[in-house]
Each structure stands twice: as structure tokens, then as C-alpha cells.
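The values are calculated or read from the model by the stated rules, or taken from the named source; none is laboratory data. The structure displayed is predicted, hence computed values, not measured ones. With ideal geometry, Cβ positions are generated from the backbone for all residues, glycine too; neighbour counts draw on all protein chains shown. Remember, those area values only see protein heavy atoms, side chains included, never the ligands or the DNA or RNA. Shrake-Rupley method; radii C 1.70, N 1.55, O 1.52, S 1.80 Å.
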Amino acid sequence: MSEFMVTIIRGELSEQVAATSTTTAGDLVGDGKTVVVARINGLVKDLSTMLHAGDVVEPVLVTSDEGLAVLRHSTTHLMAQAIQDINPQARLGIGPPIKDGFYYDFDVEKPFTPEDLATVEKRMGEILKQGQRFQRRVVSEAEARAELKHEPYKLELIGLKGGNVDSDVMEVGGAELTIYDNVDGRTGDVVWGDLCRGPHVPNTRFINANAFKLMRSAAAYWRGSEKNPMLQRVYGTAWASKDDLKHYLTMLEEAERRDHRRLGAELDLFSFPDELGSGLAVFHPKGGIIRRTMEDYSRVRHEDAGYEFVYTPHITKSNLFEASGHLGFYKDAMFPPMRLDEERDADGNIKRQGVDYYLKPMNCPYHNLIFRSRGRSYRELPLRLFEFGSVYRYEKSGVVHGLTRVRGMTQDDAHIYCTRDQMQGELKNLLGFVLDLLRDYGLDDFYLELSTRNDEKFVGSDEDWAQATAALEEAALSSGLDLVPDPGGAAFYGPKISVQARDAIGRTWQMSTIQVDFQMPQRMELEYTAADGSHQRPIMIHRALFGSVERFFGVLLEHYAGALPAWLSPVQVVGIPITSEHVEYLRDVAGKLQGLRIRAEVDASDDRMQKKIRNAQAQKVPFMLIAGDDDVAKGAVSFRYRNGEQRNGVPIPEAIAEIAEAVRNRT
RNA sequence: GCCUCCUUAGCUCAGUGGUAGAGCACCCGCCUUGUAAGCGGAAGGUCCUCGGUUCAAUCCCGAGAGGGGGCUCCA
């Protein structure tokens with residue numbers, strides 16, 4: 001048997017080793033259950049892959065992103081096998097790994113119940129123990145069709161192969177059609193199989209029985225189209241170790257604990273009364289303080305940055321949105337019209353034509369009316385119009401979600417009208433301004449997304465799109481942040497940058513958007529007089545920083561887990577007397593703080609002092625000022641901070657200065 | 001919009017084919033306290049709404065509303 005050399009790469013190191021035609025990747029780089037697949041010449045392959053002269057082989061650890069994806073992919077096979085064991089009638093859809101887990105879609109008579117999932121999990125554990133090998137087998141299309149004649153969805157996927165099938169489809173995304181057989185470790189019998197491009201872990205024992213969990217089931221359209229049948233999707237998660245799973249589940253609990261809908265109720269910030277309808281929030285006094293503080297700060301910053309404030313009504317005749325093009329493109333997402341002034345005769349014939357009024361879904365057309373209310377000079381540009389503008393959108397019932405997806409919201413919306421020459425500089429400044437301001441609210445981990453033209457849904461010339469896209473890209477690159485392309489993600493009228501922020505537990509949220517628009521100025525015939533006396537069309541930049549105030553509010557609440565920085569806290573200081581004798585003393589301190597516009601209260605209730613601390617703690621008040629005889633004697637107060645730390649006997653002027661300083665610094 | 005689950009006191013949730021309960025919160029007393037729950041009492045419900053089955057429905061069935069989880073969508 002002839003020997004040849006292959007290269008093994010482990011991190012920075014590489015070495016040459018001898019191999020033969022029967023050497024597998026696993027023989028060279030396998031390492032217990034820590035290595036699940038190998039990267040061979042750049043492609044991830046099964047460990048059972050035979051090597052050839054000159055191959056470059058690299059182990060892929062189960063703890064790496066790629067390794068975890070393979071583990072999850074194999075786990076979803078295990079789940080599908082278990083489900084077909086239990087219910088042979090279940091037909092298979094697709095089953096890919098996803099972020100933190102996996103899913104598999106099934107066509108079944110009845111949706112899965114939580115009890116079903118428990119049964120499936122148990123069966124998975126049994127299969128796992130059998131140590132079934134995942135064995136790759138190349139098949140011809142005819143063979144695949146014959147074997148999978150009972151799996152209509154798989155057959156459909158085979159039909160797609162070679163067409164414009166997305167390479168994400170695990171089943172047929174490879175260069176050839178393959179089936180993975182699950183082979184019983186002892187008997188060698190093939191007990192299950194699935195059309196799949198792989199790769200997989202060598203055998204089911206690589207899946208840690210204590211490190212996977214079926215999470216939930218939900219319906220999903222076959223191949224993501226609402227025209228297709230609904231399948232039942234089972235979501236699961238799988239990790240390299242029990243600890244990793246535990247860590248993930250803890251993170252989920254943490255996310256649940258931070259849920260802004262829960263915090264909104266617990267902290268008495270806002271609610272969604274049924275009487276108003278889905279997706280319409282009311283802000284309670286405490287939520288109102290937070291919101292107003294957010295808005296006030298934004299106002300000041302915008303004023304300093306050269307924005308002018310405008311106000312526009314919440315409804316309009318249809319003309320405006322016909323002119324802007326919204327009724328053409330987005331009518332479905334608008335509330336239906338109110339028809340006014342229509343008169344009919346006894347036979348129901350129209351005597352007098354009515355007028356349709358619409359609720360405002362976007363502010364821009366109104367701002368355009370302000371722009372063109374008189375002649376504009378180039379000397380006025382860039383003209384920056386800002387409004388906290390309330391808009392209403394008829395979001396489909398299934399998508400409404402807390403404050404992050406609502407039907408009535410307030411955008412911190414501005415439109416910047418500028419010349420073509422000014423566009424580049426304006427975008428660059430704007431992005432800097434936006435990031436700066438977001439940081440002031442406590443978000444500091446960003447990346448950018450550049451959404452470019454959807455070739456099937458756009459208006460405007462190629463040149464305009466190219467110029468705007470280039471300008472946005474340059475502004476984005478100059479920020480130094482990561483820039484992720486989002487091809488086809490732009491609105492019909494122009495490309496956009498969106499700022500994505502990572503919150504305290506690593507989730508990302510789309511925040512600000514900056515959008516270039518050549519179209520609307522044209523549709524609404526905006527003009528300015530240039531230096532040479534000619535009439536020119538301005539370029540319009542749409543930008544929202546919070547996106548919507550409601551959404552930003554929700555994100556901040558989750559980011560801080562309700563413990564907002566002092567400047568945003570609805571109650572900044574609670575005075576807690578040791579006995580009722582100390583109430584007046586604390587009222588005096590609170591009065592001094594209130595004189596500095598600090599939101600200070602004294603808890604003079606009949607509760608015991610421990611209970612008052614508990615209450616203030618539950619309300620996440622940043623500063624608790626406690627006073628008893630000892631403090632009174634010294635003209636001092638004792639701090640208890642939100643994190644449980646305390647600092648006793650602080651002289652009153654010093655305590656006031658500390659609190660005032662924290663609020664001023666927005667910490 | 002589609003699939004699925006849920007809806008009982010202000011909140012969190014028990015419970016039953018014969019019109020209902022707990023804890024917390026609220027209100028009233030007592031207690032006067034040193035860093036996360038003192039004690040007692042009172043009050044509080046159209047068991048989401050509308051239909052149907054039944055001698056009888058909060059409970060079973062159907063429709064609707066609101067909410068959750070997904071899918072699709074997100075100017």
C-alpha cells in the first residue's frame with residue numbers, strides 16, 4: 001500500500017504526516033468526542049472521509065461555531081428519526097442547524113404537544129445510546145427518488161437541485177446527492193436515513209444526552225412561502241456539554257426576566273389596554289418620565305446639531321400619500337381610509353364625491369410640504385427638519401409585539417434636504433451624530449448594515465442608486481465599525497444604513513436608519529434656487545435615531561434589565577426612615593434634591609424599613625437614602641445603592657452632590 | 001394574514017358540569033423598626049365576549065376579541 005503525505009493544521013501549527021489510501025480524516029485528527037468533523041482542503045467533511053495525497057486536514061472542534069452547527073445538524077437527524085419511529089406517518093421537511101440550535105419540519109396529522117416532545121426526547125436518548133453511525137452514501141437522482149418515494153417534500157427538494165436552490169438547504173446543497181444512513185453500531189443494520197449533504201458527527205454517541213433539549217413546536221410554511229402548506233416545526237438546542245446547555249438556558253431565563261413587557265407592568269411604565277386595540281400603548285406616569293427624559297435630551301442634542309423642529313397632523317387627505325407614492329407601494333400597511341363628506345341619494349347613487357382621509361404612516365410627505373411652502377434657497381441647505389412624529393401602521397396581527405412592533409408609534413424622525421455636493425459630508429456627520437447620541441443612552445456596541453437595491457422593487461435611475469449607495473458606504477466605512485451587506489434590503493426609493501446595537505446580554509437590535517432618497521423630492525416636486533439662479537432638486541435624507549421612541553424605550557429597558565441609569569430613572573431617590581421620627585429629616589433632604597430637579601421621594605408608609613428597602617429595590621431605584629438616629633446626630637444619610645452596596649454616615653451636602661453628579665453625568 | 005397555545009380579583013396563579021379560591025398589591029387598624037417581606041381585618045370577580053349543547057356552562061362545542069410562541073412581513 002503506497003504512502004503519501006498530507007498536511008495537518010492545528011491552530012497556527014502545521015505538520016506533514018504520512019497516510020495511505022485507507023487513512024481517514026478521523027484517523028489523523030480525531031480526538032475522542034471533541035473533534036466532530038474535519039476541514040479538508042477548506043471544506044468541512046465527515047471524519048470518515050478518506051484522504052488523498054496533498055490534502056490539508058484540520059480538526060473542527062465541537063465547541064467551535066462550525067462544530068456546533070454539525071452537532072446540531074446531527075441532533076436534528078436524531079430527532080427526525082425519533083419522530084418517525086414514534087409516528088411513521090410523519091413526513092420530513094427540512095432540518096437545518098440555526099443559531100443556538102436546530103429545527104426540523106414535519107408534515108403530521110396533528111401538531112406536536114409538549115407531551116409529544118417529551119416522548120420524542122426520551123426516544124432520542126434511546127437511539128443515542130445505540131451508537132448509530134452516520135454513514136454517507138452518494139446516490140444518483142433516480143436512486144434517491146426511489147428511496148424517498150414516500151417523502152414528497154424531499155422529492156421536491158431533489159427536483160430543485162441544480163435549479164436556483166439556496167445553498168443553505170442542507171438536504172441538496174452539495175455538489176452531489178447524498179443520503180446519510182443511520183447504521184446500528186452492533187448489528188450493522190441500516191435503521192434510518194435521510195437525504196442530506198452532511199457532514200455529520202461520526203456516530204450518535206457524539207451527541208451528549210445531557211446537552212440537548214427540544215424547546216418548542218410551531219407551525220412554519222413549507223419553504224417559507226405562505227402559499228405553501230403549513231408544516232409543524234420542532235425547535236431544539238444542542239451543545240457540546242451539559243454546562244453549555246445550562247448556560248444557554250440561563251441566558252434564556254435572563255432574557256425572559258428582562259422582557260420589557262414584563263418590566264413595563266412590574267415598574268408601572270406602560271400598558272396595552274384591550275379597549276385601544278392591538279399594538280397601541282399608553283404610557284403611565286413613570287413611563288412618561290422616562291420617555292420625556294429621553295425625548296428632552298434628544299431635543300437638546302438635535303437643536304445643537306442644527307435641526308429645526310416642526311409639527312404635523314396625524315391624518316391627511318389621500319392626495320398627499322398619492323403624491324408621495326405611499327398609497328401605491330404601501331397601502332396594505334396603512335390603516336384603511338375614513339371616507340368623509342360622501343352623500344348618496346335614496347337609490348344609493350353617489351350624489352357628492354367623498355374624500356378619503358388616512359392616518360399618517362410616515363412623516364416625510366408632511367415635511368416635504370413644509371419644505372415647499374415657499375421658495376427655498378441653496379443658502380438654506382442643508383435644511384434639517386425634525387419631529388417626534390406619531391405614525392400609525394396597520395401591522396399584521398401576528399407581528400405585533402410589545403413596544404418593539406406596534407401599530408401606533410412616535411418616530412424621532414428628521415429629513416435633511418441638501419444638495420448633491422453636500423450629501424457625502426452630511427451623511428458622514430449624521431452617522432457620527434447618531435452613534436454619539438446612542439452612546440449617551442448607554443448603548444455602545446454597534447455594527448452597521450448597508451441595505452442595497454432590491455432589483456425587483458425599486459424606482460429611480462441606476463446612477464442615483466449607485467451614487468447614494470457609494471456615499472452611504474463611504475460614511476459607514478469611515479465610522480470604523482463593521483459593515484454587513486444586506487443586498488436587496490433597501491426600500492423602494494433608496495439605499496440605507498441601519499445601525500445595529502448589541503445589548504447587555506449580546507442580543508442585537510436594529511436601531512437607527514439613515515436613508516438616501518432621490519425619489520420623493522421628485523415626486524413632490526421639491527426645488528431650491530441654486531447660486532446660479534437655476535432651479536435644482538434637493539436630495540432628501542431620511543433618518544430616525546431611536547427608530548421609534550416606543551421601540552427604543554423597550555430596548556433600553558431590556559438592555560438595563562429595568563435598572564435604568566439615574567438620569568432616566570422615574571424615581572431617582574427614595575428616602576427610607578428607620579422610624580417615623582426620621583421622616584421629616586428625610587423630607588428636608590428630599591426637598592433639597594427636588595430643588596435640583598432630582599426626582600426624590602420619602603417612603604412614609606407604615607411598612608417596616610426592611611420592607612421599604614425591598615420595595616425600592618424591586619422598583620430599581622438607583623439611590624436609597626436611609627436615616628435613623630445615628631445619621632440625624634451627624635447631619636448625614638446612609639446610602640444603599642441598587643446593587644446592594646451601602647455607604648453610611650455621608651454628610652448631607654456630600655450625598656446631594658454625589659446624586660446630582662450621577663444624574664448630570666447620565667450614569 | 002397563517003398555524004398553535006392561552007385568557008379566573010389590580011398582579012401571579014389554583015380550582016369545579018350545580019354561579020369560585022390563594023399569595024401579593026390596594027384600603028383600615030395595630031406595631032416604631034438600621035439595609036430585600038411585622039401582625040390582624042376589610043374590600044375586591046360578567047371566571048374575556050357572543051352564540052350553541054345541557055334541567056344546569058366559568059368548565060363541553062363554535063365564532064369573535066386580546067395575548068404568547070412561530071411562519072410570513074417589517075417603508
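As a test of reading the structure, rank A:284, A:314 by solvent-accessible area (1.4 Å probe, protein chains only), most first.
Of A:284, A:314, the descending order of accessible area is A:314, A:284.
Report, to the nearest whole %, how much of the accessible area of chain A belongs to carbon and sulfur atoms, 1.4 Å probe, protein only.
Carbon and sulfur: 48 percent of the exposed surface of chain A.
For region A:414-437, list residues with backbone N below 14 Å from a point placed 7 Å from the Cα of residue A:482 toward its Cβ?
none
Determine the shape class of chain A: with a ≥ b ≥ c the square roots of the Cα gyration tensor eigenvalues, call it rounded for a/c under 1.5, and otherwise prolate if a/b is greater than b/c, oblate otherwise.
oblate
Less than 15 Å Cβ to Cβ from residue A:490, Lys/Arg counted +1 and Asp/Glu -1: what total charge do the surrounding residues give?
-4
Order the following by accessible area, largest value first: A:656, A:9. Probe radius 1.4 Å; ligands, DNA and RNA are ignored.
I get A:9, A:656, largest accessible area first.
Mind checking the full-extension length gain between residue A:614 and residue A:253? Use 0.36 nm per residue of separation minus the Cα-Cα distance, one decimal, nm.
Full extension of this stretch gives 127.7 nm more.
Would you mind computing, in nm to one decimal, how far apart the modelled labels at residue A:129 and residue A:323 are, each placed 7 Å from Cα along Cα→Cβ?
Placing both labels 7 Å along Cα→Cβ, they lie 7.5 nm apart.
Accessible area per residue for chain A in Å², computed with a 1.4 Å probe and the full protein assembly in place, what is it?
Value returned for chain A: 48 Å² of accessible area per residue.
In nm, what is the difference between 0.36 nm times the number of residues separating residue A:138 and residue A:2 and their Cα-Cα distance?
Here the answer is 46.4 nm.
For region A:573-664, with the dipole built from +1 on Lys and Arg beta-carbon atoms and -1 on Asp and Glu ones, taken about the Cα centre, which of A:575, A:650, A:663 lies farthest toward the positive end?
About the Cα centre, the residue reaching furthest to the positive side is A:663.
What is the angle, in °, between the Cα long axis of helix A:609-618 and the longest principal axis of the Cα atoms in chain A? Nearest 10 is fine, range 0 to 90.
70 degrees
Determine the dipole magnitude for region A:65-252: charges of +1 sit on the beta-carbon of Lys and Arg, -1 on that of Asp and Glu, nothing else is charged, the reference point is the Cα centre, and the result goes in debye to the nearest 20.
So the dipole magnitude of region A:65-252 works out to roughly 280 debye.
In chain A, with Lys and Arg counted as +1 and Asp and Glu as -1 at Cβ, which of these residues, A:21, A:8, A:458, has the Cα nearest the positive end of the dipole, that is, farthest along it?
A:458
May I ask you to list the lysines whose Cα is less than 22 Å away from that of residue A:154, ignoring any residue fewer than eight positions away on the same chain?
A:110, A:227
Would region A:573-664 count as rounded, prolate or oblate if I go by the C-alpha gyration tensor, calling it rounded below 1.5 in a/c and otherwise prolate when a/b exceeds b/c, oblate otherwise?
rounded
Any idea how far apart residue A:181 and residue A:440 come out in nm if each label point goes 7 Å out from Cα toward Cβ?
6.8 nm
In debye to the nearest 20, how big a dipole does chain A give about its Cα centre with +1 on each Lys and Arg Cβ and -1 on each Asp and Glu Cβ?
980 debye
Put A:581, A:658, A:322 in order of accessible area, largest first, 1.4 Å probe: what do you get?
Reading off the accessible areas and sorting them downward yields A:581, A:322, A:658.
Lysines within cross-link reach of residue A:592: Cα-Cα under 20 Å, excluding same-chain residues under 8 positions apart?
Filter leaves A:634.
Quick one: how many Å² of residue A:626 are accessible to a 1.4 Å probe, rounded to 10?
20 Å²
Please give the FRET efficiency for residue A:474 paired with residue A:303, using the beta carbon to beta carbon distance and R0 = 30 Å, rounded to the nearest 0.05.
According to the calculation, E is roughly 0.60.
Could you check the spin-label model distance between residue A:341 and residue A:65? Points 7 Å from the Cα along Cα→Cβ, value in nm.
So the two model labels end up 5.9 nm from each other.
Nearest 500 deg cm²/dmol is fine: what mean residue ellipticity at 222 nm does chain A get from its DSSP H runs of n ≥ 4 alone, each adding -39,500 (n - 2.57), divided by its residue count?
When only DSSP H runs of four or more count, the value is -10000 deg cm²/dmol.
How large is the charge dipole for region A:553-667, taken about the Cα centre, if only the Cβ atoms of Lys, Arg (+1) and Asp, Glu (-1) carry charge, to the nearest 20 debye?
That gives a dipole near 400 debye.
Find how much the distance from residue A:14 to residue A:463 grows on full extension, using 0.36 nm per residue of separation minus their present alpha carbon separation; answer in nm with one decimal.
156.7 nm
Give the peptides A:472-478, A:231-237, A:335-341 in descending order of average Cβ contacts within 10 Å, highest first.
Going by the mean number of other Cβ atoms within 10 Å, highest first, we get A:231-237, A:472-478, A:335-341.
Let me have the relative contact order for region A:40-97, percent, based on Cα pairs under 8 Å that are six or more residues apart.
This gives 26 percent for region A:40-97.
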